[in-house]
Each structure stands twice: as structure tokens, then as C-alpha cells.
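Note sheet for the following structure.
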Amino acid sequence: MEPYIIEFYYQGECIEQRKYDVPPFAPQIDDVVRIDFQNSNYSDEDGNWWAITERRLLFFSVEHGKSLIQTLMLNVVPDKKNGGMWKSDPLYK
């Protein structure tokens, strides 16, 4: 069982979940991340670049304390305006 999970939420719905054996890089609020969705409907409609607006960190004990699962919940919104563009780019608006 992978002890680290990142879940991406949009409009109250989990739109993507990733599981890891080692602690993954943990994005922060206002970071813009590129998500390669397992369900291409999200990338087809809103693109692959998303901005993080909120974070929640959950710790779960499993099987009476024998293991611990850490879940990072990220609330995201499509970054349609800038498409992952660097803020230092002259075309960034």
C-alpha cells in the first residue's frame, strides 16, 4: 500500500489522485502545476495547467496503528489565463 497520496479537487470533486511509495514534492498555495490527467476530459476542457488555491493534510492510521497514510488534498482551478506561463515572462498578464 502506498503511504502517500495527493488528491486534486475542483468544484468539490476529486478529479485526480496519485499514490506514492516515497514522500512526493508537495505543492503550495499559489503554485501552478501541470497535471496529466488519467481522465482526459479535464485536460481537453480546461487544459493541463492548474493553480492551487487551498491545501489540506490528512493523516490516517490503518489496521489499528500498524501503518500511517498521509493524504495531501489540493483544491485547484484551471490556469486558463496564463497556461503555466512564468510570471517573469513579458507576455504574462
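Laboratory data are not the source of any read-out in this text; all were calculated from the coordinates shown. Predicted, not measured: the structure shown is a model, and the values here were computed from it. All Cβ positions, glycine included, derive from the backbone under ideal geometry; neighbour counts span all protein chains shown.
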The relative contact order of the chain, taking Cα pairs under 8 Å that sit 6 or more residues apart, comes to a percentage of 30
For 33-40, 49-56, 76-83, ranked highest to lowest by mean beta-carbon neighbours within 10 Å, the order is 49-56, 76-83, 33-40
Taking a straight Cα-to-Cα line shorter than 18 Å from Lys19, and setting aside same-chain aspartates and glutamates fewer than 8 residues away, one finds Glu2, Glu7, Asp36
Loop-resident chymotrypsin sites (Phe, Trp or Tyr not before Pro) in segment 53-93 with no more than 12 other Cβ atoms inside 10 Å, DSSP not H/G/I/E/B, are Trp86, Tyr92
Reviewing [x] 13.5; [y] 14.4; [z] 22.2, the figure for Kirkwood radius over Cα pairs in Å actually calculated from this model sits under [y]
